[in-house]
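Below is one structure; the comments refer to it alone.
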Amino acid sequence: MKIDIRWQLLLVVICLGLVVSLLSYQIQSAGLCTTRVPSTGGRLGVGMVGRPDKINPLLGTSNPVDLELINLIYDGLMRYDEDGKPVPSLAKSWHVSEDGKTLSFELRDDISWHDGQPFTAADVIFTYGLLQNDEFPAPDSLRGLWNSVIISSTNESSVDLILPQSYGPFLDATTLGILPSHILKGVPVNQLANHTFNKSPVGTGPFAVSHIFNWEESGQLRLIPDPRHWRGEVQIDTLDYRFYPDNKSVGEAFSIGAIQAISGISPDVIPEFLALPGIRLYTSPSRQITQLLFNLSNSGSSLLSSVQGRQALALGTNRPLLIDEAVTGQGLPLEGPYVPGSWAFNPEVMAPVDYNPATASAILEELGWHNADGTATREKEGTPLVLQLLLADGVPGRELAQTLASQWAEIGIDVELIMVAPDEMTTALSERTFDVAIVSVQTPGDPDLYDFWSQEAIVSGQNYGGWNNRRASEDLETARQLYLVDERLPYYTAFLQSYSEDLPAFTLLQHVDNFALSETIQKAEVGRFQQPRDRYDSLPNWFMLYREVAVACSEDEA
């Protein structure tokens with residue numbers, strides 16, 4: 001067979017070209033080095049104790065897992081800013097009629113549901129309408145609030161809410177997450193509570209649910225950063241929420257790298273979790289507070305009938321030590337019923353009460369409670385000073401009560417602990433069969449405390465201590481008829497003055513929320529977080545992976 005000389009010449013040319021290319025590459029790369037730079041990709045596993053039940057803002061109102069996921073997936077018409085003031089979210093703007101009865105909302109026109117469908121007034125009307133439907137199992141508190149509201153709309157971009165009377169705290173109700181009517185409007189109302197939507201929802205929030213996985217089978221719920229919210233800047237692909245039966249399981253998963261974050265860490269396991277390899281703990285004040293509630297009614301101890309007696313109990317309470325011993329340091333001393341994140345918080349009105357057992361003892365002596373015959377427990381006219389301390393059994397209530405009892409024993413007060421099951425606490429409080437109660441309260445976004453401290457709330461609300469102060473009650477009533485912060489603030493300041501003077505309750509601590517990240521998550525910064533989504537504010541900077549790129553070598557490397 002005769003070989004074609006042209007193919008031989010072509011092969012020679014190709015070989016020469018390869019040689020030249022290799023020589024050129026060696027010359028060019030002689031001054032190059034490689035370095036690692038952040039790369040997109042990676043799945044961030046977030047561990048929680050518990051399991052979702054109903055990931056629906058109208059139904060998931062008590063399960064901590066539901067509440068966290070709802071906050072990440074849904075938006076409301078309004079939200080609270082970092083100062084605790086209501087600002088628009090799905091709404092573009094809002095205003096109130098002159099008589100204070102009509103709230104008008106202009107809706108944003110740049111919002112889409114996670115499935116791409118546009119957000120409209122129909123979604124708002126559908127969501128709020130469910131709360132007025134007797135067949136929908138809404139919580140009684142929500143149903144009672146919405147039943148008297150007229151919901152109307154003249155177009156797809158506006159909604160009017162007409163109230164029977166002016167009611168400033170109603171804005172808090174509009175922070176409730178909105179549901180997609182285009183998905184749920186055809187579902188019979190009495191079937192919504194058990195609908196599959198509650199397991200795999202669609203929202204408008206910063207994270208969308210991936211419908212690839214069934215979390216009931218896999219034990220994880222995958223969330224994808226919505227590029228419309230994050231403007232496509234996020235480097236981590238997904239948040240994989242994984243659910244465990246207990247804290248031990250969460251810790252083990254973190255240790256082996258199955259998860260890189262932990263949410264909802266309880267104070268009692270903080271020491272154990274801090275020992276996990278590569279863990280970084282982020283702590284932020286929460287809206288939960290724990291107070292001593294004094295029974296000021298006739299059924300309470302005579303010691304509590306005077307402000308001086310209540311002050312003695314406060315002065316005899318070593319809060320820093322109590323926080324260290326009972327909640328492993330996971331709390332902050334706080335004065336009054338408002339947390340610093342609330343615009344009604346005013347440290348100038350609520351002066352700090354520092355631990356002073358000597359002054360507490362002097363007050364008790366002045367009130368006629370003496371250490372007769374050198375006994376440890378004080379007496380007055382032959383009656384020993386014994387206080388019944390009511391608490392819900394569990395962590396950290398039991399530890400708080402035991403530490404408190406030992407502190408009060410040092411000033412001559414004997415404490416009888418009355419521990420009830422958590423679901424029996426409300427009944428025990430309403431019956432007022434206690435002297436002092438340890439109560440934990442999730443302070444509302446709106447500073448309205450009428451249902452806790454007004455005179456009316458003694459009979460039909462949660463004023464379980466029976467504080468009967470007409471001026472404080474009137475200030476609370478007037479404040480709730482107004483909407484603007486500047487108009488309401490003077491009345492809450494006046495309320496705080498009455499509260500400080502009478503001391504119907506004494507705040508032991510403000511709780512904190514804890515969130516942990518692995519050191520494998522780079523460039524992560526977590527500041528103050530009042531809600532779960534706040535933890536991910538800096539998510540665009542976070543990354544998990546690296547890639548190698550060629551760069552010019554320095555003189556030392558050449």
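The values are calculated or read from the model by the stated rules, or taken from the named source; none is laboratory data. As the structure is a prediction and not an experimental result, all values here were calculated from the model. Methodologically, a virtual Cβ is constructed for each residue, glycine included, from the backbone with ideal geometry; neighbour enumeration extends over all protein chains shown.
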Look through the stretch 153-168, keep the residues that are closer than 20 Å to Leu90 by Cα and in contact with a helix residue (DSSP H, G or I) (Cβ under 8 Å, 6 or more places away or on another chain), and return whichever of them is surrounded by the most Cβ atoms within 10 Å (Cβ to Cβ). Val159
The correct count of residues that are crowded, with 17+ Cβ neighbours inside 10 Å and within 19 Å of Phe452 (Cα to Cα) in the stretch 294-309 is 5
Return the only residue of Phe105, Phe126 being among the aromatic types (Phe, Trp, Tyr), assigned by TED's automatic domain parsing to the domain that holds Thr175 and outside any helix (DSSP H, G or I). Phe105
Among all residue pairs at least 6 apart or on different chains, which show Cβ distances below 7 Å where the first residue, located in the stretch 121-135, is under 14 Å from Glu106 (Cα atoms) and the second is small (Gly, Ala, Ser) and in a loop (DSSP other than H, G, I, E, B)? Ala121/Ser153; Ala121/Ser157; Ile125/Ser153
When restricted to Leu315, Leu332, the only residue surrounded by 20 or more Cβ atoms within 10 Å (Cβ to Cβ) and either modelled with pLDDT of 95 or more or in the same structural domain as Phe434 (by TED's automatic domain parsing) (or both) is Leu315
Which of the residues spanning the stretch 337-361 are of a type in the set (A, V, I, L, M, F, W, C) and in contact with a strand residue (DSSP E or B) (Cβ under 8 Å, 6 or more places away or on another chain)? Val339, Val353
Within the stretch 138-151, is even one residue more than 22 Å from Leu192 (Cβ to Cβ) and either of a type outside the set (Phe, Trp, Tyr) or buried (at least 16 other Cβ atoms within 10 Å of the Cβ) (or both)? yes
Residue by residue through the stretch 460-477, note down the ones that are more than 18 Å from Tyr338 (Cα to Cα), part of a helix (DSSP H, G or I) and at pLDDT 95 or above. Arg470, Arg471, Glu474
Criterion violated by Ile270 - all others in (1) at pLDDT below 95; (2) crowded, with 16+ Cβ neighbours inside 10 Å; (3) in the same structural domain as Phe345 (by TED's automatic domain parsing) satisfied: (3)
Quick one: in the stretch 183-197, which of the residues that are more than 22 Å from Trp146 (Cα to Cα) and in a helix (DSSP H, G or I) is farthest from the chain's Cα centre (by Cα)? Ile183
Return the total of residues in the stretch 296-336 being in a loop (DSSP other than H, G, I, E, B), under 23 Å from the mean Cα position of the chain (by Cα) and of a type outside the set (S, T, N, Q). 6
Could you tell me whether any residue of the stretch 247-260 is in a strand (DSSP E or B) and either hydroxyl-bearing (Ser, Thr, Tyr) or at pLDDT 95 or above (or both)? no
Within the stretch 443-459, tally of residues that are of a type in the set (S, T, N, Q) and either over 24 Å from Arg488 (Cα atoms) or under 24 Å from the mean Cα position of the chain (by Cα) (or both): 1
Only one of Leu192, Leu142, Leu176 that is in contact (Cβ under 8 Å) with a residue 24 or more places away in the chain and touching a strand residue (DSSP E or B) at 6+ places or on another chain (Cβ under 8 Å): Leu176
Inside the stretch 354-442, counting only strands (runs of 3 or more DSSP E) that do not spill past its ends, which hold 1 or more residues that are more than 35 Å from the chain's Cα centre (by Cα)? 386-392, 414-420
Considering only residues that are β-branched (Val, Ile, Thr) and free of Cβ contacts under 8 Å to residues at least 40 places away in the same chain, which ones fall in the stretch 152-173? Thr154
Filtered residues of the stretch 465-476 (kept if under 27 Å from the mean Cα position of the chain (by Cα) and closer than 18 Å to Gln165 by Cα): Leu476
Go through the stretch 451-483 and give me each residue that's closer than 22 Å to Gly100 by Cα and touching a residue at least 60 places away in the same chain (Cβ under 8 Å). Ala479, Arg480, Gln481, Leu482, Tyr483
How many residues, within the stretch 388-411, are under 13 Å from Leu293 (Cβ atoms) and touching a Gly at 6+ places or on another chain (Cβ under 8 Å)? 1
